[in-house]
Amino acid sequence: INAEYMGDTRSKTMTYILVAGGVISGIGKGVVSSSIGAILKASGVRVTSIKLDPYLNIYAGTFSPYEHGEVFVLDDGGEVDLDLGNYERFLDITLSRDHNLTTGKIYKSVIERERKGEFLGKTVQVVPHITNAIQEWIERVARIPVDGSNLEPEVCIIELGGTIGDIESMPFVEAFRQFQFRAPADSFMMVYVSLLPEPSKGEQKTKPTQHGVRELRGLGLSPDIIALRSVSVLQPSPREKISLFCHVPPANVLGVQNVS
């Protein structure tokens, strides 16, 4: 990601980068998100991060560490996903419990507003009420200063947990389908993290990524960058094939191979 591609990130317009993953969960979206943020921060850009978790729990404190890893405790006492610990360490920022949005939190917020009569007798539905609430939460939290400077961030990196296609993440995916038009022009981009399996040595398979991107585009989102997790270095042939079938320039197909 370079300054020319991102546009003028030093303007008052917030730039949003959505990072989502396909094929399998636990593919490394958190490290990819943190790494993008570290690159931008090294370029002098003020960066913040939000993690979206599509489960009904309000906080991560009651999770089994065997299933989700250790809980990370923030300075404000919020018990959140461990990815927020990555964000704080990579970016040298201090996040709040609002930087971790779960399905449970957003439903609780909307139901409480309905009980107060804020929807004036309307039928409260996933679309538009839940999806609007997600977009409003992101816009509000993205502008919270996090680096001690008391200045608003210029770029917000949003990681969507789980895997594209999961039924529980659908309200978030729909919210971002709408959000790409709600955000100012050229201020929203998407990074899709996918798996590049290598069943036999030297043969990298692109079909899982092709099918994943096809499903993503069917939901109304198209990736600007594809980051491919693989055992070995991304070869030219798979890069060209993914570029061709996934509608992304070859330069935006990035290899993220394992390292020792």
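The table for this structure:
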| quantity | calculated |
| --- | --- |
| Residue selected from the stretch 140-170 under the condition open to solvent by less than 50 Å² (accessible area, probe 1.4 Å) and assigned to a helix (DSSP H, G or I), by the criterion modelled with the lowest pLDDT | Ser169 |
| Where a residue in the stretch 33-54 is at positive phi and its partner, wherever it lies, is surrounded by fewer than 17 Cβ atoms within 10 Å (Cβ to Cβ), with Cβ under 9 Å and at least six apart | Gly44/Arg10 |
| Elements of type helices (runs of 4 or more DSSP H) in the stretch 1-112, at least 2 residues being open to solvent by 20 Å² or more (accessible area, probe 1.4 Å), more than 22 Å from Trp137 (Cβ to Cβ) and modelled with pLDDT under 90 | 3-6, 65-68 |
| Pairs, first in contact (Cβ under 8 Å) with a residue 40 or more places away in the chain in the stretch 212-225, second among the basic types (Lys, Arg), C-beta under 7 Å, six or more apart | Leu219/Arg177; Gly220/Arg177; Leu221/Arg177 |
| Residue within the stretch 98-111 that is aliphatic (A, V, I, L, M) and under 20 Å from Leu18 (Cα atoms) present | yes |
| Meets criteria (under 29 Å from Thr103 (Cβ atoms), of a type in the set (D, E, K, R), open to solvent by 10 Å² or more (accessible area, probe 1.4 Å) and in a helix (DSSP H, G or I)) for Arg177 | yes |
| Number of the exception - Gln135 against (1) farther than 29 Å from Asp75 by Cα; (2) out of contact with any Cys (no Cβ under 9 Å at 6 or more places or on another chain); (3) open to solvent by less than 10 Å² (accessible area, probe 1.4 Å) | (1) |
| Residue that is farthest from the chain's Cα centre (by Cα) [pool: residues in the stretch 113-132 that are β-branched (Val, Ile, Thr) and open to solvent by 70 Å² or more (accessible area, probe 1.4 Å)] | Thr123 |
| Answer residue from the stretch 209-219, given it is open to solvent by less than 40 Å² (accessible area, probe 1.4 Å) and more than 16 Å from Glu159 (Cα to Cα) and is farthest from the chain's Cα centre (by Cα) among those | Gln210 |
| Subset tally (residues that are in contact with a helix residue (DSSP H, G or I) (Cβ under 8 Å, 6 or more places away or on another chain), surrounded by fewer than 18 Cβ atoms within 10 Å (Cβ to Cβ) and assigned to a strand (DSSP E or B)) for the stretch 222-260 | 1 |
| Residue under evaluation Trp137, criteria (1) more than 17 Å from the chain's Cα centre (by Cα); (2) farther than 14 Å from Thr15 by Cα; (3) hydrophobic (A, V, I, L, M, F, W, C), criterion not met | (1) |
| Pairs with Cβ under 6 Å, 6+ apart, first in the stretch 61-73 and aliphatic (A, V, I, L, M), second surrounded by 15 or more Cβ atoms within 10 Å (Cβ to Cβ) | Val71/Ala60; Val71/Glu79; Val73/Glu79 |
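The values are calculated or read from the model by the stated rules, or taken from the named source; none is laboratory data. Since the model is a prediction, treat every value here as computed from it, not as a measurement. With ideal geometry, Cβ positions are generated from the backbone for all residues, glycine too; neighbour counts draw on all protein chains shown. With ligands, DNA and RNA removed, areas are computed over all heavy atoms of the protein, side chains included. Shrake-Rupley method; radii C 1.70, N 1.55, O 1.52, S 1.80 Å.
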